[in-house]
1. Along the range 135-149, what does the Karplus equation 6.51 cos²θ - 1.76 cosθ + 1.60 (θ = phi - 60°) give for ³J(HN,Hα), rounded to whole Hz, x for Gly and Pro?
2. Restrict the search to the range 241-345; then list the trypsin sites (Lys or Arg not before Pro) that DSSP places in a loop and that have at most 16 other Cβ atoms within 10 Å of their Cβ.
3. Mind checking which of PRO300, VAL386, ALA367 is farthest towards the positive end of the chain's charge dipole, using Cβ charges of +1 (Lys, Arg) and -1 (Asp, Glu) about the Cα centre?
4. Would you report the distance distribution of C-alpha pairs in the range 34-155 as whole percents per 5 angstrom bin, up to the bin with the largest distance?
5. What do the square roots of 5 times the Cα gyration tensor eigenvalues come to for the chain, in whole Å, largest first, as semi-axes of the equivalent ellipsoid?
6. For the range 351-394, state what percent of all Cα-Cα pairs lands in each successive 5 Å bin, counting from 0 Å until the bin that includes the largest distance.
7. Just need the relative contact order of the range 121-187 here, percent rounded to a whole number, with Cα pairs under 8 Å and 6+ apart.
8. Quick one: divide the alpha-carbon radius of gyration of the range 2-96 by 2.2 N^0.38 Å and tell me what you get.
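Just so you know, all these numbers are worked out from the coordinates, no wet-lab data involved. Since we're looking at a predicted model, the values are computed, not measured. Counting neighbours? That spans all protein chains shown, and the Cβs are built from the backbone with ideal geometry, glycine included.
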Amino acid sequence: MKALVIGNGGREHTLAWCLLQSADVTEVVCIPGNGGTATLPQCRNLAMTLDDFQGIARFALVNNFTLVVVGPEQPLAAGITDYLQGQGLKVFGPNQAGAQIEASKAWSKAFMVEAGIPTARAEVFTDLNPALAYVEQRGTPIVIKADGLAAGKGVTVATTLNDAIQALKAAFSGKFGVAGQTVVVEDVLLGQEASVLAVTDGTTIRPLLPAQDHKAIGEGDTGPNTGGMGAYAPTPVVTPEIMTQVQRQVLEPAIATLGHRGIHYCGILYAGLMISPEGVPNVVEFNCRFGDPETQAVLPLLETPLHQVMLACIEGRLADFPPLQWKPGAAACVVVAAEGYPDKYPKGMEIFGLAEAAATDALVFQAGTRRQGNAIVSDGGRVLGVTGLGDSFKAAIANAYTAVDHICFENMYYRRDIGYRVMG
């Protein structure tokens, strides 16, 4: 079979690589892809924009592609699944109605309340002054969230009143475009964050291995939030007992409530959780797609062929699908970024040492890269995701950093403390 992967990040390189681990998958085409997918055996890129639904459908149909996998949230929110399904294609990714669970934090918060899913108290605002008054009355710390899609950068955990005021003013002044015209203000949840990505056919839902990521740019989880600077799996903070709670109190009610709303949800449902010190999971947010960089830590541990899981979801037979099989041990992904990210950063730096890094006990997933002649150059803020595997977290993390040590490009930046919580 042949698969089409939509997107150009580290997540999409990982998806393409994982699909090709099966002998059943003969070819993967990435739209538009990156430098990594351009050099991956049995994979090639197609220069096409993510909003060219008609062109994507035509290519898939003419070339007999069996499966379309949508990576990023933006085309899902724009309705790519609805269009491609309307052309008779098999698509792994929720429809536009389902993608609202990520595309609008206000919609998602109301949905969680309706479903009885544990989450923080919140209020929604469309004007600055009422939001300022609420924050002053509620006090800090408090969380300010742009309602719409902001590439993982629309959330501020304000520890002082001034921080909260500045975050609100930034959102309402247009920093996030239309995504910040509505703002969700919610109470802070205490504990450790964790990510549970689950596959679903709209009726049955099954979690993948739980992961933890590092969202902050700085070591010790300091500084502004990013799309993610590293991740590891399976995180021990999500014990089997907590995973049972997540299944019963989060995943199953979410799918049931989507069904009650008339939304058939097929694809990944990603629950971003806060696990309290007492071991109680609350939902911070839902996402409608694979996480990035969690995917780079979770999928390399998957033994079950990924395309089989996806087709079972698309064809509505997940309930009868065998239990997912996983490799023993752990995985850790270190994100290598361009200095200046998540703000302004340079592009076009040639990347050296990729072959040497790949020759170690690690996988190098390219994100913000492009092929330029025979060279690979940087083309984004998060440039690479280097994943180490091992029989323990200590071994996996060490393998990741050993590979990173081989890589070099101008203005290169990465955190040196990925996985510090599991190293004790």
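1. 5, 5, 6, 7, x, 10, x, 8, 10, 10, 10, 5, 5, x, 6
2. Details: sites: ARG248, ARG261, ARG289, ARG317, LYS344; in loops: ARG261, ARG289, ARG317, LYS344.
For trypsin sites (Lys or Arg not before Pro) across the range 241-345 that sit outside H, G, I, E and B with at most 16 neighbouring Cβ atoms in 10 Å, the list reads ARG261, ARG317, LYS344.
3. ALA367
4. 2, 9, 15, 16, 15, 12, 9, 8, 7, 5, 2, 1
5. After scaling each eigenvalue by five and taking roots: 30, 26, 22 Å.
6. Answer for the range 351-394: a P(r) of 6, 20, 26, 23, 14, 6, 4, 1 percent.
7. On the way: 119 pairs, mean separation 31.2, N = 67.
It comes to 47 percent, rounded to a whole number.
8. Numbers: Rg = 11.9 Å, N = 95, 2.2 N^0.38 = 12.4 Å.
Relative to the rule-of-thumb radius for its length, the range 2-96 sits at 0.96.
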